[in-house]
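*Asks:* Sharing a structure below in structure tokens format, with a few things to ask.
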Amino acid sequence: SDWVINGSKTFITNGARCDWVVVAAKTDREKGYAGISQFIIERGTPGFETSRKIRKLGWKASDTGELSFTDVRVPAGALLGEENRGFFQIMANFVWERLIMALGAVSNAQMLFEIALQYAKERQAFGQPIGKFQAISHMLADMATEIELGRAFTYHVLRLYVEGKEPVREVAMAKLYACDMACRVADRALQIHGGYGYSEEFPLARAYRDARLGPIGGGTDQIMREIIARSYGL
Ligand SMILES: Cc1cc2nc3c(=O)[nH]c(=O)nc-3n(C[C@H](O)[C@H](O)[C@H](O)COP(=O)(O)OP(=O)(O)OC[C@H]3O[C@@H](n4cnc5c(N)ncnc54)[C@H](O)[C@@H]3O)c2cc1C
């Protein structure tokens, strides 16, 4: 028999332009998280609309939409996976998504470090490259140290994942640390560029805005801390 879906979801990456969406919907209200199922729905299905496109601080190359569903009728075959197993399917995917975010944060931070290092060697102030001022060189030293820590731990977690260990706690730790670290690195890289860092003539302003999504998307820093704390029985 058909399913009829009602509701809305804010913040869907590429939601304004996608042809298909995977929707999580409550299929058994009594069972809480064990009563959620996933469905594949095609754009154009009556009642399925993009209600708005959200303007954002960063990530402007990727649109973010709000989707609405009003009596959207889909066939039984639209069910993805098993009925009422949607939450577990989403959680399994989250481990990989969060790991990808941690890896992306490390590589973005590395790129910004290299840009800032080069600028510190080239930009002259008071007769010398700004990288010769200890205030600047120590900022770069801190950036490099934090990036190496983030990389080493994130690669360690990637290894656990590839070995099939389901490192839920470690992935939460990696995302928490790497995404926060990338924000700190973006902030310092911008500072090292002085006024140009704040301008749109260099890539720092965009990188600073884009990095800020890391501690929010795919589960916030606060939720990562919850996962870590609960894994210790708290
Ligand atoms: C650009 C962008 C793209 C996105 N793309 C997608 C997408 O494609 N698909 C998708 O499903 N989602 C997507 N999201 C949603 C994203 O995952 C959520 O915004 C994020 O998980 C936070 O949820 P929320 O916005 O409902 O914040 P809320 O849950 O309202 O949280 C608000 C604040 O309260 C804190 N908080 C909430 N609950 C707790 C708690 N239990 N303990 C402690 N603190 C808590 C949060 O950490 C946060 O600081 C996207 C978001 C953005 C910004």
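*Asks:* Looking at Glu97, Glu49, which one is within 17 Å of the chain's Cα centre (by Cα), of a type in the set (Asp, Glu), open to solvent by 20 Å² or more (accessible area, probe 1.4 Å) and within 29 Å of Asp210 (Cα to Cα)?
*Replies:* Details: Glu49 fails: within 17 Å of the chain's Cα centre (by Cα).
Unique residue meeting the criteria: Glu97.
*Asks:* Might you check whether a residue that is surrounded by fewer than 12 Cβ atoms within 10 Å (Cβ to Cβ), in a loop (DSSP other than H, G, I, E, B), within 14 Å of the ligand (Cβ to nearest atom) and modelled with pLDDT of 95 or more occurs anywhere in region 71-88?
*Replies:* Within region 71-88, none of the residues are surrounded by fewer than 12 Cβ atoms within 10 Å (Cβ to Cβ), in a loop (DSSP other than H, G, I, E, B), within 14 Å of the ligand (Cβ to nearest atom) and modelled with pLDDT of 95 or more.
*Asks:* Would you tally the residues in region 195-222 being surrounded by 17 or more Cβ atoms within 10 Å (Cβ to Cβ) and part of a loop (DSSP other than H, G, I, E, B)?
*Replies:* Going through region 195-222 one residue at a time, the tally reaches 8.
*Asks:* I'd like to verify a number: residues in region 78-113 that are more than 21 Å from Ile216 (Cβ to Cβ) and free of Cβ contacts under 8 Å to residues at least 60 places away in the same chain, how many?
*Replies:* Going through region 78-113 one residue at a time, the tally reaches 10.
The values are calculated or read from the model by the stated rules, or taken from the named source; none is laboratory data. If you're wondering where the values come from, they're calculated on a predicted model, not measured in any experiment. All Cβ positions, glycine included, derive from the backbone under ideal geometry; neighbour counts span all protein chains shown. With ligands, DNA and RNA removed, areas are computed over all heavy atoms of the protein, side chains included. Shrake-Rupley method; radii C 1.70, N 1.55, O 1.52, S 1.80 Å.
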